[in-house]
Amino acid sequence: MTFELTEEQLAVQEAARDFAQNVLRPGVIERDTKMEYPTEQIRQMGELGFLGMMVSPEYGGGGMDTMSYVLAMEEISKVDNSCSVIMSVNNSLVCWGIETFGTEQQKAKYLPKLASGEWIGSFCLSEPEAGSDATMQRTTAIEKDDHYLLNGTKNWITNGGTSKLHLVVAQTHPELGHRGINVFIVEADTAGVVIGAKEDKLGIRSSDTHTIMYNDVKVPKENRIGEDGFGFKFAMKTLSGGRIGIAAQALGIAGGSYELSLAYAEERKAFGKAIIKHQAIAFKLANMAMDIEAAKLLVYRAAWLKDNNMDYTSASSMAKLYASEAAMKHSVEAVQVHGGYGFVKEYHVERLMRDAKITQIYEGTSEIQRVVIARNIEKGHHYVPTLGKSAVSV
Ligand code: CAA
């Protein structure tokens, strides 16, 4: 067992930290307040290679491992979670989904644009009546001649207003239930794609979240991903990896809350000494540090399992569940450590607290993560304490 990062991983971590602290931090409060999309920041993230980190160099990506992606997500999420969710959806849902399951033609056509950030992608699964219960797809894709005719509405779509490529999940053969679902690449400028108003959200306010309507949208047959009926499995497999990205985002929120609290507690004085010298505050920091370490082990381990081609379904749900609970709990504590200052925007922790909430909701709520973990236990796919080479049974 080794806990050391490679030289390359350390370099990625440092580059992401530098970018987050020096480029993202200066305007993050204003963007959040105004719900302003981080156009310039996302352009720079594309240039620096943060938008297609795991995409093979053959298609213009960084060819990096999941661990490097997690480290970059963590650093960026300490500061700007609107940027990190845009990054996460593009990397682990859209690029990974296309590269893993797409045809050679789909990969060659779309990945270079997505990996460079020239195009941003969105993952269109949720519907007004299909959130946690993702099999209940009302959007339909009916096969006609050389195309599918797509009709329906998707909700809460991250990158909904800016993405040029949508991965749309739709019911193609209603009589087959979830086995009749397919996923399609839809270019956003296709006739019949209508983007609703930008949502006014509690957190991640400068990311753009929209409802999208598809009205008789003609999707070429070659834009279906995988075999007929593969769409639900595509969504589940892709989300298993996506959840590692959101777990890293939550880890970053917890880590950012801790770093800001520690700096403040060392500086701020009350009753004649720095507040970190008061046990009431020191214990809060101790609890934060412990939970962050525990979350880190789960998140890094899920990334390691994925990088080593082992089953990571349950591990990614555990990582997301634990890290998002830690992010929520400790961002609230960070506001408390800051007292009155914590309640105003200038000190950054109230934003992290608002951003933390969504990590318990998107890419599967905490309740859904427990469903996934419990079902894997039932199937015997659970962690067992071993003295041997691997602590996972698959
Ligand atoms: N990998 C491969 N296949 C899987 C799978 C996985 N991880 N999980 C399930 N499946 C397969 C099953 O084997 C089954 O296939 P067969 O019938 O052929 O055997 C099929 O999928 C249906 O599985 P279930 O019976 O378990 O399905 P279910 O209806 O009980 O739902 C669920 C399972 C885990 C609850 C699922 O619906 C789910 O994950 N819901 C949450 C949806 C979600 O995460 N939404 C996030 C929206 S995207 C987003 O938030 C992005 C963003 O913008 C930030």
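The values are calculated or read from the model by the stated rules, or taken from the named source; none is laboratory data. Not measured: the values here are computed from a predicted model. We place every Cβ from the backbone using ideal geometry, glycine too, and count neighbours over all the protein chains shown.
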Take the residues of region 136-156 that are hydroxyl-bearing (Ser, Thr, Tyr) and closer than 13 Å to residue 182 by Cβ: which is farthest from the chain's Cα centre (by Cα)? 148
Say whether the condition of being buried (at least 16 other Cβ atoms within 10 Å of the Cβ) and part of a loop (DSSP other than H, G, I, E, B) is met by at least one residue in region 278-288. no
Is it the case that some residue within region 216-229 is at pLDDT 95 or above, under 17 Å from residue 126 (Cβ atoms) and over 20 Å from the mean Cα position of the chain (by Cα)? no
Only one of (1) assigned to a helix (DSSP H, G or I); (2) within 16 Å of the ligand (Cβ to nearest atom); (3) of a type outside the set (A, V, I, L, M); (4) out of contact with any strand residue (DSSP E or B) (no Cβ under 9 Å at 6 or more places or on another chain) fails for residue 364. Which number is that? (1)
Condition set within 10 Å of the ligand (Cβ to nearest atom) and of a type in the set (Val, Ile, Thr), scope region 150-178, selection farthest from residue 83 (Cα to Cα): answer is 169
Looking only at region 69-97, count every residue that is hydrophobic (A, V, I, L, M, F, W, C), over 18 Å from residue 355 (Cβ atoms) and more than 12 Å from the ligand (Cβ to nearest atom) and tell me the total. 3
Taking region 118-149 and keeping only residues that are more than 13 Å from the ligand (Cβ to nearest atom), surrounded by fewer than 16 Cβ atoms within 10 Å (Cβ to Cβ) and of a type in the set (A, V, I, L, M), one is left with 142
What are the residues in region 73-124 that are of a type in the set (Asp, Glu) and touching a residue at least 40 places away in the same chain (Cβ under 8 Å), if any? 74, 75, 80, 99, 118
Does region 109-120 contain at least one residue that is within 23 Å of residue 351 (Cβ to Cβ), part of a helix (DSSP H, G or I) and in the same structural domain as residue 11 (by TED's automatic domain parsing)? no
Take residue 264 and decide whether it is among the hydroxyl-bearing types (Ser, Thr, Tyr), more than 16 Å from the ligand (Cβ to nearest atom) and either surrounded by 19 or more Cβ atoms within 10 Å (Cβ to Cβ) or modelled with pLDDT of 95 or more (or both). yes
Let me spell it out: the conditions are (1) part of a loop (DSSP other than H, G, I, E, B); (2) free of Cβ contacts under 8 Å to residues at least 60 places away in the same chain, and residue 27 meets all of them except one. Which number is the exception? (1)
Can you confirm whether residue 305 is in a helix (DSSP H, G or I), closer than 20 Å to residue 239 by Cα, without any contact (Cβ under 8 Å) to a residue 60 or more places away in the chain and touching a helix residue (DSSP H, G or I) at 6+ places or on another chain (Cβ under 6 Å)? no
What residue, of 190, 209, is buried (at least 21 other Cβ atoms within 10 Å of the Cβ), in contact (Cβ under 8 Å) with a residue 12 or more places away in the chain and under 23 Å from residue 118 (Cα atoms)? 209
Going through 45, 73, 53 one at a time, which residue ends up being buried (at least 23 other Cβ atoms within 10 Å of the Cβ) and in contact with a Phe, Trp or Tyr (Cβ under 6 Å, 6 or more places away or on another chain)? 53
Pairs with Cβ under 6 Å, 6+ apart, first in region 238-249 and within 11 Å of residue 93 (Cα to Cα), second near the ligand (Cβ under 7 Å from one of its atoms) and among the β-branched types (Val, Ile, Thr): 240/313
How many residues of region 150-176 are aliphatic (A, V, I, L, M), farther than 27 Å from residue 203 by Cα and crowded, with 16+ Cβ neighbours inside 10 Å? The answer is 2
When region 298-332 is examined, which residues are found to be of a type in the set (A, V, I, L, M, F, W, C) and within 16 Å of the ligand (Cβ to nearest atom)? 302, 305, 310, 315, 318, 319, 321, 323, 327
What number of residues within region 230-249 satisfy the criterion of being out of contact with any helix residue (DSSP H, G or I) (no Cβ under 8 Å at 6 or more places or on another chain) and more than 8 Å from the ligand (Cβ to nearest atom)? 1
